[in-house]
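*Asks:* Provided herewith is a single structure, encoded as structure tokens, for subsequent inquiry.
The values are calculated or read from the model by the stated rules, or taken from the named source; none is laboratory data. For clarity, every value in this text was computed on a predicted model and none was experimentally measured. We place every Cβ from the backbone using ideal geometry, glycine too, and count neighbours over all the protein chains shown. The protein model used for the area step is the full one, side chains on, heavy atoms only, and it has no ligands, DNA or RNA in it. Shrake-Rupley method; radii C 1.70, N 1.55, O 1.52, S 1.80 Å.
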Amino acid sequence: WTLRLDSIFFPISSDKLTLDEPTHLTWNAQKGDLQLDRLVVSDSYGNWAGASGVFSPKGALNAHLNFQCNALPNALASIDSTLQVTNVKGDVRINGNYDAPEFAADLRLDQWKWQGFEGQNSKCTGFGLLESPHLIFLTDLPPNGTMRIEADLPIDNPAAWSAEVRLNQFALNTINHWLPDESIAVMGAADALVWIEDFRGVPKIRGNLTT
């Protein structure tokens with residue numbers, strides 16, 4: 001059998017998501033799987049997300065999700081008002097069995113701002129088991145710096161979380177707003193390599209800084 005979807009309406013925060021065009025949901029009795037054709041929803045700001053996939057009750061999974069956002073949706077922006085992003089594009093593929101699915105993801109951002117920090121031309125890739133992702137984040141840090149973060153984040157075991165942060169020509173004046181009023185002000189640029197482990201409570205941090 002095949003189910004045709006002509007319209008979908010999802011109220012989200014102060015906005016709504018609507019279906020761009022009709023799509024189909026098909027049950028294949030011979031293969032015993034459910035197939036979702038290309039489904040695309042968008043909001044009034046031009047942000048959109050698309051999904052397609054094949055899902056089997058026997059445990060097989062093959063899903064594809066991609067999206068593009070001109071800015072952070074209101075529902076997410078309300079979580080942290082200091083986070084701003086511009087032109088986000090993402091692509092996620094999930095395969096395998098439901099008990100241990102694997103994924104591959106690619107996320108790109110033109111620009112982001114958070115807690116006084118700013119990045120441009122950013123890229124995040126992820127792969128591995130969905131329950132234990134390996135992530136790599138690369139970004140330019142104005143005016144001349146770069147940052148690379150590589151992390152392992154097993155979802156159910158924060159004690160095993162680890163990350164390596166590598167900074168090159170990081171502008172030190174970025175951290176001045178974190179310092180107490182009327183204290184010292186730092187200037188110039190620095191290189192740094194930092195390791196972070198065990199994210200239970202206060203993470204363990206070690207590293208070195210070169211100016």
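*Asks:* For the range 51-167, go through all pairs of different Cα atoms, get the mean of 1/r, take its inverse, and jot down that Kirkwood value in Å.
*Replies:* That comes to 15.8 Å for the range 51-167.
*Asks:* With labels modelled as points extended 7 Å from the Cα through the Cβ direction, what inter-label distance (nm, one decimal) is found for Trp48 paired with Asp110?
*Replies:* Calculated label separation equals 1.6 nm.
*Asks:* Shifting gears a bit: What is the Cα coordinate range of the chain on the first, second and third principal axes, sorted by size from largest, in whole angstrom?
*Replies:* The Cα atoms of the chain stretch 69, 37, 29 Å along their principal axes.
*Asks:* Here's another thing I want to ask about it. How many percent of Cα pairs in the range 102-164 exceed 15 Å?
*Replies:* I get 56 percent for the Cα pairs in the range 102-164 exceeding 15 Å.
*Asks:* Answer with one residue from Trp27, Gly145, Leu17: the one whose Cα lies farthest towards the positive end of the charge dipole of the chain, charges on Cβ with Lys, Arg +1 and Asp, Glu -1.
*Replies:* Value computed over the given set: Trp27.
*Asks:* Go ahead and run the numbers for FRET between Val186 and Asp152, Cβ-Cβ distance against an R0 of 30 Å, rounding to 0.05.
*Replies:* For Val186 and Asp152, the calculated efficiency is 0.45.
*Asks:* Something else: Report Rg (one decimal) and Dmax (nearest whole number) for the range 104-211, counting Cα atoms only, units Å.
*Replies:* 15.3, 48
*Asks:* While we're here: Quick one: dipole size for the range 94-211, taken about the Cα centre, charges +1 on Lys/Arg Cβ and -1 on Asp/Glu Cβ, in debye to the nearest 20.
*Replies:* It comes to approximately 260 debye.
*Asks:* Considering only protein heavy atoms and a probe of 1.4 Å, how much of the accessible area of the chain is carbon and sulfur, as a whole percent?
*Replies:* 57
*Asks:* Can you give me the relative contact order of the chain as a percent, contacts being Cα pairs under 8 Å and 6 or more apart?
*Replies:* RCO, the chain: 9 percent.
*Asks:* Another question, then. Expressed in nm to one decimal, what extension gain is obtained for the pair Asp99 and Asn62 from 0.36 nm per residue of sequence separation less their Cα-Cα distance?
*Replies:* Here the segment from Asp99 to Asn62 would lengthen by 12.0 nm.
*Asks:* Using a Förster distance of 45 Å, how high is the FRET efficiency between Asn176 and Arg38, based on the Cβ-Cβ distance and rounded to 0.05?
*Replies:* Calculated value: 0.40.
*Asks:* So if a site counts as exposed when it's one of the trypsin sites (Lys or Arg not before Pro), its DSSP state isn't H, G, I, E or B, and it has at most 16 other Cβ atoms within 10 Å, what's the longest stretch of the chain without one?
*Replies:* For trypsin sites (Lys or Arg not before Pro) (loop position, at most 16 other Cβ atoms within 10 Å), the longest site-free span of the chain is 59-199.
*Asks:* Pick out which of Val88, Val194, Val186 has the largest mean-square fluctuation in a Gaussian network model of the chain, springs linking Cα atoms closer than 10 Å.
*Replies:* Val186
*Asks:* Could you go through the range 104-112 in sequence order and give the Karplus-derived ³J(HN,Hα) for each residue, using 6.51 cos²θ - 1.76 cosθ + 1.60 with θ = phi - 60°, rounded to whole Hz, and x for Gly and Pro?
*Replies:* Once rounded to whole Hz, the list reads 9, 9, 9, 10, 10, 10, 6, 7, 8.
*Asks:* Go through the range 135-211 and name the GluC sites (Glu not before Pro) that are in a DSSP coil and have 11 or fewer other Cβ atoms within 10 Å of their Cβ.
*Replies:* Glu182
*Asks:* How much area per residue is accessible in the range 68-192 when the probe is 1.4 Å and only protein heavy atoms are counted (Å²)?
*Replies:* 59
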